[in-house]
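Below is one structure, written out as structure tokens; comments come after it.
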Amino acid sequence: MIRPCRQVDFETIYAIVNDAAEAYRGVIPADCRKLPYMSLEELRHEIVAGVVFWGCEKDAELVGVMGIQDIMDVTLIRHAYVRTAAQNQGIGGQLLADLMEHTTRPTLVGTWAAAAWAVRFYQRHGFRLVSPAEKDRLLRTYWSIPDRQIETSVVLADERWWAMQGATGADRVPR
């Protein structure tokens, strides 16, 4: 069952994010990885900044979370994580499909470039990589992240975003 997360889910969201982020160990640059991956304070900050978390329950337990955030003229998919023990069961895909039904705006997602599994996940769900120059512009416009994270990230965009761009410009990257 997909549902909006509530205040009572706060510590569970924190636990899911940090459990699932273990996948980044040895993958993302060491200078970008910290423990915990997301602190309680950072999670609070994200929620105050407008990230609305949705969760997937399995057997009455929250096993996956994904945030959605409207910024200016786009929607961002933020902090998509599934408990390690529940991965590869379609939970992330269910969450993403449900969140995409909650917006009509062009939608973007940023992730670590080295997290090939995450890039493939979004590509399987219809998102396409933008060019490196466009990635830099988008990350600086819609996200508040350090320069080092911008250097080591990618941005993927949905069909609505590509349609808004005309999808024929120089910044188009083939599937």
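Would you pick out the residues in the range 70-81 that are open to solvent by less than 10 Å² (accessible area, probe 1.4 Å) and either touching a Ser or Thr at 6+ places or on another chain (Cβ under 7 Å) or more than 12 Å from Val109 (Cβ to Cβ) (or both)? If the condition is that a residue be open to solvent by less than 10 Å² (accessible area, probe 1.4 Å) and either touching a Ser or Thr at 6+ places or on another chain (Cβ under 7 Å) or more than 12 Å from Val109 (Cβ to Cβ) (or both), then Val74, Thr75, Ile77 are the ones that fit.
Per-residue answers, yes or no, for (1) touching a residue at least 60 places away in the same chain (Cβ under 8 Å); (2) not charged (D, E, K, R):
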position	(1), (2)
Ile2	yes, yes
Lys34	no, no
Leu43	no, yes
Trp54	no, yes
Lys58	no, no
Ile71	yes, yes
Leu76	yes, yes
His79	yes, yes
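Sub-8 Å Cβ pairs linking a first residue in the range 98-115 that is aromatic (Phe, Trp, Tyr) to a second residue that is open to solvent by 40 Å² or more (accessible area, probe 1.4 Å) and not in a helix (DSSP H, G or I), at least 6 apart or interchain, are Trp112/Val27, ordered by first then second residue. So which of Ala21, Ala30 is of a type outside the set (Asp, Glu) and open to solvent by 40 Å² or more (accessible area, probe 1.4 Å)? Of the residues listed, the single one that is of a type outside the set (Asp, Glu) and open to solvent by 40 Å² or more (accessible area, probe 1.4 Å) is Ala30.
The residues of the range 124-160 that are of a type in the set (D, E, K, R) and buried (at least 19 other Cβ atoms within 10 Å of the Cβ), listed by number, are Lys135, Asp158.
Exactly one residue out of Gly92, Gly64 is on the phi < 0 side of the Ramachandran plot and part of a strand (DSSP E or B): that is Gly64. Taking first residues from the range 6-23 that are touching a residue at least 40 places away in the same chain (Cβ under 8 Å) and partners that are hydroxyl-bearing (Ser, Thr, Tyr) and outside any helix (DSSP H, G or I), the Cβ contacts under 6 Å between residues at least 6 apart in sequence or on separate chains come to Ile16/Tyr81; Val17/Tyr81; Ala20/Tyr81; Ala21/Tyr37.
With the structure loaded, tell me whether Ala86 is touching a residue at least 12 places away in the same chain (Cβ under 8 Å), within 26 Å of Leu138 (Cα to Cα) and open to solvent by less than 50 Å² (accessible area, probe 1.4 Å) or whether it fails that test. Taking the combined requirement at face value, the residue does not satisfy it. Just so you know, in the range 59-69 the residues that are out of contact with any Leu (no Cβ under 7 Å at 6 or more places or on another chain) and modelled with pLDDT of 95 or more include one that is surrounded by the most Cβ atoms within 10 Å (Cβ to Cβ), and it is Val65.
Listed by first and then second residue, the pairs with beta-carbon distance under 7 Å, at least 6 apart or on different chains, first residue in the range 137-153 and within 18 Å of Gln69 (Cβ to Cβ), second of a type in the set (Phe, Trp, Tyr) and modelled with pLDDT of 95 or more, are Ser153/Trp112.
The values are calculated or read from the model by the stated rules, or taken from the named source; none is laboratory data. None of the values given here were measured: they were computed from a predicted structure. Don't worry about glycine lacking a Cβ; one is built from the backbone with ideal geometry, like all the others, and counts go over all protein chains shown. Note: areas computed on protein heavy atoms with side chains; ligands, DNA, RNA excluded. Shrake-Rupley method; radii C 1.70, N 1.55, O 1.52, S 1.80 Å.
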